[in-house]
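The values are calculated or read from the model by the stated rules, or taken from the named source; none is laboratory data. Quantities reported herein were computed from a predicted structural model and do not represent experimental measurements. With ideal geometry, Cβ positions are generated from the backbone for all residues, glycine too; neighbour counts draw on all protein chains shown. Side chains included, ligands, DNA and RNA excluded: accessible areas come from the protein's heavy atoms. Shrake-Rupley method; radii C 1.70, N 1.55, O 1.52, S 1.80 Å.
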Amino acid sequence: MTLDRWFHTCIRAVGRQLIGYGFEPDEGGRVFRRFSPEGDALIVEVQISDHSSPSETVFYLNLALVLAPKWDWDRQRTGRPASELPRHYNGLWRRRLGSAGLSGDDQWRISDESTAAEVSDRVRRHLDEIVPTLLPLLDRTVVRDGTPQILGPGAWLLRAWLLAEHGPTEELRHLLFVERPAHTHDSVPTRTVWNYANSRASTAGSGGDITSSG
């Protein structure tokens, strides 16, 4: 069996596991997505490393949470079609599956049948530990109100994007301009969320300029 076949055998085993968790593979079998009813997506994506060689396939397993309003804004800004599906780099929350789960060496290496079996086993064991903790992130109540620890210090931004979908509400204004430090009020993430919220306003004048927060 060739190196390419060992690699694909490993990825197919991982893919079957993810399908069991409700993920859907793309045509190439390297991007797996599970969507919520609101259009948010958890993504597991295989990325081949430039460090690969004829004798060794090196790859990463990228994990991401893509929120529908942020993806909607990105598509509007770049002119992408509504039919395009998100990738891991579109996620507000992104990690790589490593040797210790969400930490450790994040390069996976296959050079022969033995390493392919070992990598497949280790990856699937980590996914069995981690995926059940990720699936609740497709529940907006969990992300918006629960601030899961796994989201880390960037949890506020995910919450902000979910609030922005409803326009420039007082709750969103308070989060961006009261709860957050003053030096972040004019930052790119804050401006982007606030601009999107205003674009969602149903009537003219229902929002406000970012400078009106102070």
Surface accessible to a 1.4 Å probe, T2 within the full protein complex, Å²: 80
Degrees, to the nearest 10: 155-164 long Cα axis against longest axis of the chain: 60
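Residue separation times 0.36 nm, minus the C-alpha to C-alpha distance between S52 and E84: what's the value?
Numbers: separation 32, 0.36 × 32 = 11.52 nm, distance 2.87 nm.
Computed gain between S52 and E84 is 8.6 nm.
Could you sort Y89, Y60, Y196 by their accessible area in this structure, using a 1.4 Å probe and putting the largest first?
Solvent-accessible surface, decreasing: Y89, Y60, Y196.
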Simple label model, 7 Å out from Cα along Cβ direction - I150 to A182, nm: 3.8
Selected from P81, P148, P132 as most flexible by GNM, with the chain as the system and alpha-carbon contacts under 10 Å: P81
Apportionment of accessible area to carbon and sulfur, segment 1-117, percent (1.4 Å): 48
Cα-based helix-to-principal-axis angle, 113-134 vs the chain, degrees rounded to 10: 30
Solvent-accessible area per residue, Å², over the chain with all protein chains present [probe radius 1.4 Å]: 51
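Mean residue ellipticity at 222 nm from the helices of the chain, using -39,500 (n - 2.57) per DSSP H segment of n ≥ 4 over the full residue count, to the nearest 500 deg cm²/dmol?
On the way: 6 runs with 78 residues, N = 214.
Counting only the DSSP helices, I get -11500 deg cm²/dmol.
Once you have the Cα-Cα distance between S114 and A100, take 0.36 nm times their residue separation minus that, and quote the gain in nm to one decimal. Numbers along the way, then the final one.
On the way: separation 14, 0.36 × 14 = 5.04 nm, distance 2.01 nm.
Length difference between fully extended and current span is 3.0 nm.
Once you list every other residue whose beta carbon is under 12 Å from the beta carbon of H174, what net charge do they have if Lys and Arg are +1 and Asp and Glu are -1?
Around H174, the charge tally is 0.
Tell me, what is the percent relative contact order of the chain, built from C-alpha pairs under 8 Å that lie six or more residues apart? Please list the in-between numbers first.
Details: 299 pairs, mean separation 33.8, N = 214.
Averaging sequence separation for qualifying contacts and normalising by length gives 16 percent for the chain.
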Protection proxy ranking, peptides 45-55, 152-162, average beta carbon neighbours within 10 Å, highest first: 152-162, 45-55
